[in-house]
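Reading through the structure tokens given below for one structure.
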Amino acid sequence: MSRNPHHKLHVMFFPYMAYGHMIPTLDMAKLFSSKGVKSTIITTPLNSKIFQKPIDVFKNQNPSLEIIDIHIFEFPCVQLGLPEGCENVDFFTSSNNPGRENIAFRFLSSTRFFKDQLEKLLETTRPDCLIADMFFPWSTQVAEKCHVPRLVFHGTGYFSLCANYCMKVHKPQNKVASSSEPFVIPDLPGDIEITREQIINSESEMAKFLLDVRESETKSTGVIVNSFYELEPEYADFFKRFVAKRAWQIGPLSITNRGFEEKAERGKKASVDESECIKWLDSKEKDSVIYISFGSVACFKNKQLVEIAAGLEASGASFIWVVRKSTGDDDKEEWLPEGFEERVKGRGMIIRGWAPQVLILEHQATGGFVTHCGWNSLLEGVSAGLPMVTWPIGAEQFYNEKLVTQVLRTGVSVGATKHVKNMGDEIISREKVEKAVREVLAWEEAEERRIRIKKLAEMAKAAVAEGGSSFNDLNNFIHEFSSFRE
Ligand code: UDP
């Protein structure tokens, strides 16, 4: 097909309604927009409000760039058997109620309701491609019917995608006697060991759903990956060779956010004054502060929070600790040891709610990151050149931990051993928290680790700069999809 030089590429983005998926999708839309591509983000009424402010900030700062549109799909929660207003994973994960697992799957299944709306939109708008979330496997078929190429966005990196693939092919988890017995993931480069309790239970509804995800991926046009080649070259090669038809890595996407306001608005929910937070960090010495956050979903019970508090206090380190507290009975502030706030005054900051994470990670006073290994957080930590304490909780986070501790060797594990369904299933002791924090912040012993992660941070910046691997992949993608149309 010949290429019309006047045709402007139009990419549609369709993220799953969870912060960990919406945030990188918006980063992606901004990145495409900065390349002169028209971007449309599909979402629901309540989620559109989350996107609007950061899009306005982006528009004000880049008046000459292509606009990012929002297209709203109806999502009638009550009709779908969900509570009124339940349009985002945040709705049911911000409380630690025992039914949250059930709602989570009902919520996920309900998104099939978008099918007809998507078909109509693709037919009437005819975008050049649809970058739809992994959680919408049915979108491959819809896009195919409308002759629109569908790309999958998993939101995770190559390493876990490859590990997952090898597990699906070989099923080594079925050959071990106990759920805590380690085994090597067959075929995956690096002799990576894992246990059955560190992966999604293969009998669960989720595991079955992930089979659909895999099938839809094989039928889709390809995969967009938020990673950069130099971070996980062996796994990027493996993925392209064995797992997906095509893949383009265009990350780290968080680097798209350049100014203070843009970074502060990223996924923002009213919580803390980011200038106050930065002022506090300004008063601290270089690399002296540990930042502790478990992402946008995890919500620990009091008995775990008490251990974290005690571990932080004993470590002697300065810290910023983001506490996403459960509501309901567990809501009383019994999670702080007696007199804790008084004793750590000046050296500890607790953020109850949402933190301006990228701003904190990039601050020179921040010297380490305790993370649940959500892929966005992990990549943001890498981009900021921070050694990590890894504390995976669920999803693909144990794979991500292995990447950090065994492949990149830029972090230490706190010692979490299994997926936790209920956030009190495995309590990590204060001693383990203290030890890991000390180890990561220590200078002499940790110097090589720090050198390695600083190098990776440099590579991350180079990847998205002109001529870098992600920069080139993005250009190749745009070029290829522009030439589909006459
Ligand atoms: N995040 C943030 N402030 C918070 C908590 C999370 O800015 O207080 C952002 C974080 O920077 C990341 C995303 O939310 O971009 C969380 O995604 P991740 O993949 O790390 O974990 P998830 O929330 O999906 O478990």
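The values are calculated or read from the model by the stated rules, or taken from the named source; none is laboratory data. Computed from a predicted model, the values in this text were never measured in an experiment. Ideal geometry is used to build each Cβ from the backbone, glycine not excepted, and the neighbour counts take in all protein chains shown.
Observations on the structure shown:
- Some residue of segment 427-437 being in a helix (DSSP H, G or I), more than 16 Å from the ligand (Cβ to nearest atom) and within 21 Å of Tyr158 (Cβ to Cβ): no
- From the options Ile255, Ile185, Ile199, residue that is surrounded by 14 or more Cβ atoms within 10 Å (Cβ to Cβ), among the aliphatic types (A, V, I, L, M) and without any contact (Cβ under 8 Å) to a residue 24 or more places away in the chain: Ile185
- His154 meets the conditions (1) on the phi < 0 side of the Ramachandran plot; (2) within 16 Å of the ligand (Cβ to nearest atom); (3) in contact with a Gly (Cβ under 9 Å, 6 or more places away or on another chain) in every case but one. The failed one is (3).
- Tally of residues being among the aromatic types (Phe, Trp, Tyr) and within 19 Å of Pro392 (Cα to Cα) across segment 163-207: 1
- Top-ranked residue of segment 170-206 - restricted to ones that are among the hydrophobic types (A, V, I, L, M, F, W, C) and more than 25 Å from the chain's Cα centre (by Cα), ranked as nearest to Gln406 (Cα to Cα): Val184
- Evaluation of Ile103 against (1) more than 16 Å from the ligand (Cβ to nearest atom); (2) part of a helix (DSSP H, G or I); (3) modelled with pLDDT of 95 or more (one fails), failing number: (3)
- Comparison of Leu188, Leu161 shows that the only residue that is over 30 Å from Ala143 (Cβ atoms) and at pLDDT 95 or above is Leu188.
- Close pairs (7 angstrom Cβ cut-off, 6 or more residues apart or separate chains): farther than 19 Å from Thr156 by Cα and of a type in the set (Ser, Thr, Tyr) in segment 365-385, more than 7 Å from the ligand (Cβ to nearest atom) and not in a loop (DSSP other than H, G, I, E, B) anywhere: Thr366/Leu281; Thr366/Val289; Thr366/Tyr291; Thr366/Ile360
- Under the condition of being surrounded by 18 or more Cβ atoms within 10 Å (Cβ to Cβ), polar (S, T, N, Q) and within 15 Å of Thr366 (Cα to Cα), the residues counted in segment 287-314 number 1.
- Between Glu458, Glu466, Glu448, Glu480, the distinction of being part of a helix (DSSP H, G or I) and within 18 Å of Gly251 (Cβ to Cβ) belongs to Glu458 only.
- Which listed residue, of Gly374, Gly394, is within 12 Å of the ligand (Cβ to nearest atom), at pLDDT below 95 and either more than 30 Å from Phe209 (Cα to Cα) or within 20 Å of the chain's Cα centre (by Cα) (or both): Gly394
- Scoring Lys30 on the criteria (1) outside any helix (DSSP H, G or I); (2) within 16 Å of the ligand (Cβ to nearest atom) leaves a single failure, condition (1).
- Residue check, Glu215 among the charged types (D, E, K, R), out of contact with any Cys (no Cβ under 7 Å at 6 or more places or on another chain), part of a helix (DSSP H, G or I) and within 29 Å of Arg324 (Cα to Cα): no
- The selection criterion, being closer than 19 Å to Met388 by Cα, modelled with pLDDT under 95 and part of a loop (DSSP other than H, G, I, E, B), does not hold for Ser271.
Listed here are the residues, each with its yes/no results for (1) in contact with a His (Cβ under 6 Å, 6 or more places away or on another chain); (2) crowded, with 20+ Cβ neighbours inside 10 Å; (3) of a type in the set (Val, Ile, Thr); (4) touching a residue at least 40 places away in the same chain (Cβ under 8 Å).
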{"position": "Leu122", "(1), (2), (3), (4)": "no, yes, no, yes"}
{"position": "Ile131", "(1), (2), (3), (4)": "no, yes, yes, yes"}
{"position": "Glu144", "(1), (2), (3), (4)": "no, no, no, yes"}
{"position": "Ser160", "(1), (2), (3), (4)": "no, yes, no, yes"}
{"position": "Ala163", "(1), (2), (3), (4)": "no, yes, no, yes"}
{"position": "Lys171", "(1), (2), (3), (4)": "no, no, no, no"}
{"position": "Asn174", "(1), (2), (3), (4)": "no, no, no, no"}
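- Members of segment 1-29 that are in contact with a Ser or Thr (Cβ under 7 Å, 6 or more places away or on another chain), charged (D, E, K, R) and at pLDDT below 95: Arg3
- Segment 269-286 - residue that is among the charged types (D, E, K, R) and surrounded by 17 or more Cβ atoms within 10 Å (Cβ to Cβ) and, of those, nearest to the ligand (Cβ to nearest atom): Glu274
- Of the residues making up segment 226-268, those that are modelled with pLDDT under 95, assigned to a loop (DSSP other than H, G, I, E, B) and within 17 Å of the chain's Cα centre (by Cα) number 4.
- Residues in segment 421-455 that are of a type in the set (A, V, I, L, M) and farther than 27 Å from Ile199 by Cα: Leu441, Ala442, Ala446, Ile451.
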